[in-house]
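The structure appears right after this line, and notes come after that.
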Amino acid sequence: MTVTHADTAPSDAPKKKGGAAHETVEIIKTVLWALGIALVLRVLLFQPFTIPSASMEPTLFEGDYIIVSKWSYGYSRHSIPFSPPVMSGRLLENPPERGDIAVFKLPRDDRTDYIKRIVGLPGDRIQVRGGVLYVNDRAVRRETLKPDVERTPYGGTAEVPRVREILEDGRSFITYDRQPAGEVDDTGVYVVPDGHYFAMGDNRDNSVDSRYPEEFGVGFVSSENLVGKAELILLSWTPEASIFKPWTWVTELRPSRFFTRLR
């Protein structure tokens, strides 16, 4: 018997329909698997952040794209996107060291990501006198460096004093000391509570940090609020780069900052 087109049409249509549905299901499954893997990597291993301000200059510039390790301090609910209340405290906790650059959730709202340097550990006495950082009543050793030169809003240039601060264990980092008598260049003594840390920006006179009360600053940072340790500057653009101006994706790159290890 000869098979006509009319004979085959009714049986072929369901197969085509079923094939399309199967392909759609497979695509959805692939997307869900990819999202799941990305979520696991983001929670357990690494998370990218973009630096939005100048508070950590000269270590981090506005427009730096950094990588933060999530396992460095263990895990809390803030390791998970949107900080769901699924646990309290930290799992596999590994306390930060003095001098670490840490990302944490702002204590007053448990939502906003902040990045500062940890200078005070639980039980420490922290004070700033005449712009000099004191840890447990001892001044952190300082070396004056050649100033940086930066552009001013009026088209000129200005020198920015730089200081290398050297901790007792030998770790060092560079800070800006813009004003000899800034608002928080002379403070009282802060005694860091158990389970908390004291964090400061490297741009000392342009950083809202633990020197300011929690009501309008940072205050003490709870261990639970730690998100991770900043490890690497992956990429960097100047603040003039814009997603709406594609040419600036190239013209405003700062290649000299690519793949810079943070310390």
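The values are calculated or read from the model by the stated rules, or taken from the named source; none is laboratory data. The model shown is predicted, which means the values in this text are computed figures rather than measured ones. Heads up, the Cβs are rebuilt from the backbone with ideal geometry, glycines too, and the neighbour counts pull from every protein chain shown. Heads up: the accessible areas ignore ligands, DNA and RNA and are worked out on the full protein's heavy atoms, side chains in. Shrake-Rupley method; radii C 1.70, N 1.55, O 1.52, S 1.80 Å.
Here are the numbers for the structure shown:
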| item | result |
| --- | --- |
| Only one of V184, V119, V140, V189 that is at pLDDT below 95, of a type in the set (A, V, I, L, M) and either over 25 Å from S69 (Cα atoms) or surrounded by 15 or more Cβ atoms within 10 Å (Cβ to Cβ) (or both) | V184 |
| Check on S207, at pLDDT below 95, small (G, A, S), within 16 Å of the chain's Cα centre (by Cα) and open to solvent by less than 20 Å² (accessible area, probe 1.4 Å) | yes |
| Qualifying position, being on the phi > 0 side of the Ramachandran plot and among the polar types (S, T, N, Q), among S79, S83 | S83 |
| Within the range 1-116, strands (runs of 3 or more DSSP E) holding 3 or more residues that are modelled with pLDDT of 95 or more and surrounded by 10 or more Cβ atoms within 10 Å (Cβ to Cβ) | 64-69, 101-105 |
| Single condition E159 does not satisfy, out of (1) of a type in the set (D, E); (2) open to solvent by 70 Å² or more (accessible area, probe 1.4 Å); (3) within 20 Å of E62 (Cα to Cα); (4) touching a Lys or Arg at 6+ places or on another chain (Cβ under 8 Å) | (4) |
| Flag for T175 being of a type in the set (S, T, Y) and in a loop (DSSP other than H, G, I, E, B) | no |
| Checking V227 against (1) surrounded by fewer than 21 Cβ atoms within 10 Å (Cβ to Cβ); (2) at negative phi, the condition it does not meet | (1) |
| Candidates G201, G217 - the one that is of a type in the set (G, A, S), more than 15 Å from the chain's Cα centre (by Cα) and closer than 26 Å to V163 by Cβ | G217 |
| The listed residue being hydroxyl-bearing (S, T, Y) and farther than 25 Å from V191 by Cα, out of S256, S223 | S256 |
| Residue within the range 242-262 that is touching a residue at least 40 places away in the same chain (Cβ under 8 Å) and open to solvent by 50 Å² or more (accessible area, probe 1.4 Å) present | no |
